[in-house]
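Data block below; observations after.
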Amino acid sequence: LPESFKLERFIKSVINFTIIVEVLGAIALYVIFLKAGDKNPAWSAIFHSISAFCTAGFSLYNNSFESYAGNFWLNFVIAILSYIGAIGFIVWLDIWRRILGEIKQITFTSKIILWMTFWLNIIGTILLFIGEPSIHALSPEDRLIAAFFQTMSAQTTVGFNTINISLLSKASLLLVIVLMIIGSSPSGTGGGMKCTTFSAMIGIMISIIQGKEKMNLLGKEIPLKRIWIAIATFGFYFFILMIGAYLLEMTENNSFESNFFEAASALGTVGLSAGITS
């Protein structure tokens, strides 16, 4: 750590940031739940604001947010809270320092996290919007909201759902599994393998295809030590996932895709279920 780094100041900043985000989230959710006719809007707002920011995924409702599938503002606020938590305080601090002019540009790691978060959400939303049969009956607007929210939920590993996961097609289950495995930022509250590891694996593949001896990502050369760490993380994560899926296949009578989904959800600390652990 640099000599200018003050641990006490950093911890206070994290606490203040957390409280401010969760309070603002609770205020926004209170208005939403009040208009929706929730019996206890204040408690629901506080609980779900904290749950979303911490990417815990606990809900006071038996069907998570399926009853609010068409509520744009609830989907929006929960998504914002989840992304703020999953991306992490360090990245937001980096952006804030850039806005204040304390630094000329954000760090390379922050760039990777933001780019990966953005593109994974865009790709996941488009694929679910186009390819998921269970939401085709919805209006285009509600269908887009549902696709976006479920992509966000898997990507940040927050684990909320606005559509019935057990009704998803096999293709959509596979997509959600991939998003849960990749996971969120290493500086955030989410789980999964981490998007930085996934980006490094993409960089390795591109470099090999192009015949380069050194790996470059976003125009920056990646140190060999970082590459080895990414490969080891990727391999170890899939090794544990395969063991978990194998044991479920040995002990449970559910379909393979359901067992594999539960294993990926558990390892990524997501909390989504295809129906077998309701």
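Restricting to DSSP loop positions (anything but H, G, I, E, B) with no more than 10 other Cβ atoms inside 10 Å of their own Cβ, which trypsin sites (Lys or Arg not before Pro) remain in segment 62-109? Walk me through the numbers before you get to the answer.
On the way: sites: Arg97, Arg98, Lys104; in loops: Lys104.
For trypsin sites (Lys or Arg not before Pro) across segment 62-109 that sit outside H, G, I, E and B with at most 10 neighbouring Cβ atoms in 10 Å, the list reads Lys104.
Sorted by packing (mean other beta-carbon atoms within 10 Å per residue), highest first, where do 151-157, 63-69 land?
On the way: 151-157: 28.3, 63-69: 18.3.
By packing density, highest mean first, the sequence is 151-157, 63-69.
What number does segment 40-116 give for Rg over Rh if you use C-alpha atoms and the Kirkwood radius?
Details: Rg = 15.7 Å, Rh = 14.2 Å.
Expressed as Rg/Rh, it is 1.10.
In a shell of Cβ-Cβ distance under 15 Å around Ile243, excluding Ile243 itself, what net charge do Lys and Arg (+1) and Asp and Glu (-1) give?
Numbers: positive: none; negative: Glu249, Glu252, Glu262.
Combined, the nearby Lys, Arg, Asp and Glu give -3.
Could you report the chain's accessible area per residue, 1.4 Å probe, as an integer in Å²?
On the way: 15250 Å² over 278 residues.
Value for the chain: 55 Å² per residue.
Among 254-263, 113-122, how do they line up by average Cβ neighbours within 10 Å per residue, starting with the highest? Working shown, then result.
On the way: 254-263: 19.3, 113-122: 17.4.
Ranking the peptides 254-263, 113-122 by packing returns 254-263, 113-122.
Scan (1) 178; (2) 131; (3) 156 for the value of volume of the Cα convex hull per residue in Å³ calculated from this model and give just the label.
Computed from these coordinates, volume of the Cα convex hull per residue in Å³ corresponds to label (3).
Could you sort out which of Lys35/Lys194; Lys170/Lys225; Lys111/Lys214; Lys12/Lys104; Lys12/Lys225 sit more than 27 Å apart by Cα distance in this structure? Don't jump to the answer; show the numbers that get you there.
On the way: Lys35/Lys194 37 Å; Lys170/Lys225 37 Å; Lys111/Lys214 20 Å; Lys12/Lys104 25 Å; Lys12/Lys225 32 Å.
Beyond 27 Å: Lys35/Lys194; Lys170/Lys225; Lys12/Lys225.
Calculate for the chain the 222 nm mean residue ellipticity that helices alone would give, adding -39,500 (n - 2.57) per DSSP H run of length 4 or more and normalising by residue count, nearest 500 deg cm²/dmol. All intermediate terms of the calculation are to be shown ahead of the outcome.
On the way: 10 runs with 180 residues, N = 278.
Counting only the DSSP helices, I get -22000 deg cm²/dmol.
How far is it, in nm, from the label point at Lys214 to the one at Ser13 when both lie 7 Å from their Cα along the line to the Cβ?
It is 3.1 nm.
Report, in debye and to the nearest 20, how large the dipole of the chain comes out about its Cα centre when Lys and Arg carry +1 and Asp and Glu carry -1 on their Cβ. Can you show the working numbers first?
Values: 17 positive and 16 negative charges, 192 e Å.
Dipole about the Cα centre, nearest 20: 920 debye.
Residues in segment 59-90 near a label at Ile27, defined as backbone nitrogen under 20 Å from the 7 Å Cα→Cβ point?
73-85
Taking the alpha-carbon distance from Lys212 and a cut-off under 12 Å, which aspartates and glutamates remain once sequence neighbours fewer than 8 residues away in the same chain are dropped?
Glu221
log₁₀ I(q)/I(0) of segment 235-278 at q = 0.26, 0.28, 0.32 Å⁻¹, via Debye over equal Cα point scatterers, no solvent, to two decimals?
Each listed q maps to, in turn, -0.89, -1.01, -1.20.
Quick one: ranking Glu252, Glu8 by accessible area, 1.4 Å probe, largest first, what do you get? Could the numbers behind the result be given before it?
Details: Glu252 85, Glu8 125 Å².
The ranking, largest first, comes out as Glu8, Glu252.
Residues in segment 51-83, backbone N under 15 Å from the label point at Lys35 (7 Å along the Cα-to-beta-carbon vector): list them, ranges by number please.
Backbone N within reach: 68-78.
Using θ = phi - 60° and the Karplus form 6.51 cos²θ - 1.76 cosθ + 1.60, what ³J(HN,Hα) does each residue of segment 203-219 get, whole Hz, x for Gly and Pro?
Each residue of segment 203-219 in turn: x, 5, 4, 4, 5, 5, 4, 7, x, 8, 7, 10, 9, 10, 9, 6, x Hz.
Just the Cα atoms of segment 97-187: what Rg and Dmax do they give in Å?
15.5, 50
Along segment 84-97, what does the Karplus equation 6.51 cos²θ - 1.76 cosθ + 1.60 (θ = phi - 60°) give for ³J(HN,Hα), rounded to whole Hz, x for Gly and Pro?
4, x, 5, 6, x, 4, 4, 5, 5, 5, 4, 5, 5, 5
Summing Lys, Arg as +1 and Asp, Glu as -1, what charge do residues with Cβ under 13 Å from the Cβ of Ala146 carry, Ala146 excluded? Display every interim value, and only then the final one.
On the way: positive: Arg143; negative: Glu66, Glu132, Glu141, Asp142.
Computed value for this residue: -3.
Where does the charge balance sit around Gln105 when Lys and Arg score +1, Asp and Glu -1, over other residues with C-beta under 9 Å from its C-beta? All intermediate terms of the calculation are to be shown ahead of the outcome.
On the way: positive: Arg98, Lys104, Lys111; negative: none.
With Lys, Arg at +1 and Asp, Glu at -1, the neighbours total +3.
What full-extension length gain, to one decimal in nm, is calculated for Asn253 and Phe58 as 0.36 nm per residue of separation minus the Cα-Cα distance?
So the extension gain works out to 67.5 nm.
The values are calculated or read from the model by the stated rules, or taken from the named source; none is laboratory data. Keep in mind that this is a model prediction, so the values were computed, not measured. So basically every Cβ, Gly included, is an ideal-geometry build from the backbone, and we count neighbours across all protein chains shown. For the accessible areas, the whole protein counts, side chains as well, though only heavy atoms, and no ligand, DNA or RNA atoms are used. Shrake-Rupley method; radii C 1.70, N 1.55, O 1.52, S 1.80 Å.
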